[in-house]
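Laboratory data are not the source of any read-out in this text; all were calculated from the coordinates shown. Computed from a predicted structure; not experimentally measured. Don't worry about glycine lacking a Cβ; one is built from the backbone with ideal geometry, like all the others, and counts go over all protein chains shown.
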Amino acid sequence: MSRLSLFNSPLLLGFEHFERALDRVNKGSSDGYPPYNIEQLGDNELRITLAVAGFAMADLGITIEDNQLVIRGKQVDDAQRVYVHRGIAARQFQRSFVLAEGIEARGAWLDNGLLHVDLVRPTVETRVRSVPIRGADPGGDGL
């Protein structure tokens, strides 16, 4: 059975990479862990804050893959600890955010169980260029 997609429209040619990115994000972030906030700090600045209590800096990794910010966390169990009750699971996660073209990660820091990632969109200069119009080729092929 074929899948119906918003991007199947003939008016949206060349947007297949957006559809693939949305599919990846949808698969990777379905459980809602860890919770996060996205703040707008200015006209061209954003901050993503994830609640990652229990994770050390060495347990976390941030990468940008194909305009997608990927934050991973993996805790290593301490084999020497003996738990009478274990209510806080050592859980791994992967949280992905699709970045618009030109968005860059400025930096990240961990503070009191919150991981902050600052993003910035550099100002883009508007470019206007002319496209020359040629007359029809007398040879008949039009090109």
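So who's got an amide H within less than 5 Å of the one on LEU99, skipping anything under 5 residues away but keeping other chains? H placed 1.01 Å off N, in plane.
Counting only residues 5 or more places away or on other chains, the set is GLN68, LEU69.
Please compute the length gained on full extension between HIS116 and MET57, using 0.36 nm multiplied by the number of residues separating them and subtracting their Cα-Cα distance.
Additional length available on full extension: 20.1 nm.
Could you work out, for the range 33-120, what percent of all Cα-Cα pairs fall into each 5 Å distance bin, beginning at 0 Å and stopping at the bin that holds the largest distance?
Binned Cα distances yield the sequence 3, 12, 24, 23, 15, 10, 6, 4, 2, 1, 0.
Explain nothing, just the number: dipole magnitude of the range 33-120 about its Cα centre with +1 on each Lys and Arg Cβ and -1 on each Asp and Glu Cβ, in debye rounded to the nearest 20.
In total the dipole reaches around 560 debye.
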